[in-house]
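Data block below; observations after.
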Amino acid sequence: MTGIPFANLLEPGTGILGAGTGSPGVQRVTRHLSELREAFRDQAAVERLLAEGDPLLYEVYNVPVPEDPGELQHCTSVIQPGAVGEEFFMTAGHFHARLATAEVYLCLRGRGVLLMQDRAGEVVAVLELFPGAVSYIPPEWAHRSVNTGPEPLVLFCVYPGDAGHDYGTLREKGFAKLVLRDGGSYRLADNPAYR
Ligand SMILES: [Fe+2]
C-alpha cells in the first residue's frame, strides 16, 4: 500500500480546487494569450489583444499525484469566455505522452466543445460540453477544450497517473479544425495552417 488518502474541495461555480483533508495542496497553472499566440489563426487579432493587455485564456487547478501506473491524476480546467478574432478561447490541447491512456471530463459550468483528433489529424470528433455532460476521450486521441459560451467553462478531469502530456506534436502541427464564432453559436472550419 502506498500513498495517503486525502480530499480536496471543489467550488462547482468557479472550478477552484482548494486543499482539503490531508491534501498535498493544489497547484494553479495559468495560460495567457502571449503563451499560446501561435495557436490562433488570426495573428492580427492576437497583436491587437496583446496591445490591450495579455488576456487570461485558462487556468488549471492540479492536484499533485505521483506519475505512476495505478494513480489517478485529476484537475479542474477553467476556460475564460472570449475570442481571438473569430476563434474562441481554448486550451493548448495535447496528446498523452503515453498514448494508450484515456481521460474523462465532467462539465460543471458553461458551454463549449471538446475537439479531438487522431494522430494523423484525419479523423476529427467533437463533443458538446454543458453542465452534466460526461465526456470520454479514448486512448490515442488528442484533445482540446473550447469555450463557445458567454461564461467560464468549468471542467473536472480524471486520467491515468502515468499518462503524461505531449504538447509538442500539436504545437508543430496544429489542430485540423478551428472552432469559430457563428452568430450565437459555433462552426467548425478547416485549419488552413494545418501541417
Ligand atoms: Fe489529457
## Note on the structure
When the chain is treated as a Gaussian network with springs between alpha carbons less than 10 Å apart, the largest mean-square fluctuation among Leu106, Leu115, Leu49 is found at Leu49
#### Entry: Computed [θ] at 222 nm, deg cm²/dmol, the chain (DSSP H ≥ 4; -39,500 (n - 2.57); rounded to nearest 500)
-2000 deg cm²/dmol
### Query
With the Cα gyration tensor of the range 86-148 giving a ≥ b ≥ c as the square roots of its eigenvalues, does the rule (a/c under 1.5 for rounded; else a/b larger than b/c for prolate; else oblate) give rounded, prolate or oblate?
oblate
### Message
From the phi angles alone, apply the Karplus equation (6.51, -1.76, 1.60; θ = phi - 60°) to the range 174-185 and give each ³J(HN,Hα) in whole Hz, x where the residue is Gly or Pro.
### Response
x, 9, 5, 10, 9, 10, 10, 5, 8, x, x, 10
### Task
Run through all the Cα pairs of the chain and give the fraction in each 5 Å bin from 0, expressed as whole percent.
1, 8, 15, 20, 21, 17, 9, 5, 2, 1, 0
### Task
Return the FRET efficiency for the residue pair Ala19, Glu128: r is the Cβ-Cβ distance, R0 is 22 Å, and the value is rounded to the nearest 0.05.
0.10
### Loop-resident sites, the range 1-67, for chymotrypsin sites (Phe, Trp or Tyr not before Pro), counting at most 14 other Cβ within 10 Å (DSSP)
Phe6
### Message
Can you compute 3J(HN,Hα) from phi for each residue in the range 168-173, using the Karplus curve 6.51 cos²θ - 1.76 cosθ + 1.60 with θ = phi - 60°, rounded to whole Hz and x for Gly and Pro?
### Response
x, 4, 7, 5, 6, 9
### Task
Quote the relative contact order of the chain in percent (integer), defining contacts as alpha-carbon pairs under 8 Å separated by 6+ residues.
22
### Message
What does the C-alpha gyration tensor say about the overall shape of the range 150-195? Classify as rounded when a/c is under 1.5, otherwise prolate if a/b is larger than b/c, or oblate.
### Response
oblate
### Task
Round to a whole angstrom and tell me the spacing of the C-alpha centers of the range 139-195 and the range 10-48.
14
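Since every read-out is calculated from the coordinates, none of them should be taken as a lab result. As the structure is a computational prediction, the values presented were derived from the model and not from experiment. Ideal geometry is used to build each Cβ from the backbone, glycine not excepted, and the neighbour counts take in all protein chains shown.
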